Amino acid sequence: MGNKKFNTFLGILILVLVVWMLKGTFMQPGISSLKGGFTEIAHYRNDNNTGPIQHVFAVTVKDTSIAELEAYGNFMPHHKGGNTKVYFFAAGNPVPDQLNAGNVNFDPNFDQYCIALYEKTAMGNASVQKNPFQ
């Protein structure tokens, strides 16, 4: 009789642990859980075998006062030895829809509308710079 109670208790315990692990696996925070209303407009990634992988994103932000810019940038793909840049623009302002590799990633006419730049370097150092073109 005592063995049956122990097996029932053990079964319930295992079931609770499995449900807890599945909840932790499938309920991870993501970009949609961030405040600020982010919308990706353009993305550039250089082709393989052409040097370090470079990702460049142009993103609009609806509410800049509560925007979690660094958290958003950390969700973006980054490769060891590569570089990731995310340019943030206020929603409603002009945003580039074509991005390029190199130091100048879009037409300089859009510089005045860029409110912030997130950059993660090849060494893994991340930074957010407000008004990067002023």
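Only the coordinates and a few stated rules stand behind these numbers; no lab work does. Computed from a prediction, not measured in an experiment: that's the story for all the values here. Neighbour counts are summed over all protein chains in view; Cβ atoms, including those assigned to glycine, are modelled from backbone coordinates with ideal geometry.
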Worksheet item: Would a scan of the range 93-114 turn up a residue that is in contact with a helix residue (DSSP H, G or I) (Cβ under 6 Å, 6 or more places away or on another chain), closer than 17 Å to Gly37 by Cα and not small (Gly, Ala, Ser)?
Response: yes
Worksheet entry | Residue under evaluation Asp97, criteria (1) under 14 Å from Cys114 (Cα atoms); (2) surrounded by 14 or more Cβ atoms within 10 Å (Cβ to Cβ), criterion not met | (2)
Worksheet entry | Matching residues in the range 59-70 - criterion: being buried (at least 16 other Cβ atoms within 10 Å of the Cβ) and under 21 Å from Ala122 (Cβ atoms) | Leu69
Worksheet item: Can you spot a residue in the range 74-87 that is under 20 Å from Phe133 (Cα atoms) and in contact with a helix residue (DSSP H, G or I) (Cβ under 6 Å, 6 or more places away or on another chain)?
Response: yes
Item to complete: Just give me the residues in the range 1-48 being surrounded by 10 or more Cβ atoms within 10 Å (Cβ to Cβ), assigned to a loop (DSSP other than H, G, I, E, B) and either out of contact with any Ser or Thr (no Cβ under 9 Å at 6 or more places or on another chain) or on the phi < 0 side of the Ramachandran plot (or both), in sequence order.
Response: Leu34, Lys35, Asn46
Response to the item:
Selection over the range 71-90 where residues are touching a Ser or Thr at 6+ places or on another chain (Cβ under 8 Å) and either over 21 Å from Gln28 (Cβ atoms) or surrounded by fewer than 16 Cβ atoms within 10 Å (Cβ to Cβ) (or both) yields a count of 5
Practice prompt. Only residues that are surrounded by 17 or more Cβ atoms within 10 Å (Cβ to Cβ), among the hydrophobic types (A, V, I, L, M, F, W, C) and not in a strand (DSSP E or B): list them for the range 102-134, please.
Written response: Phe106, Phe110
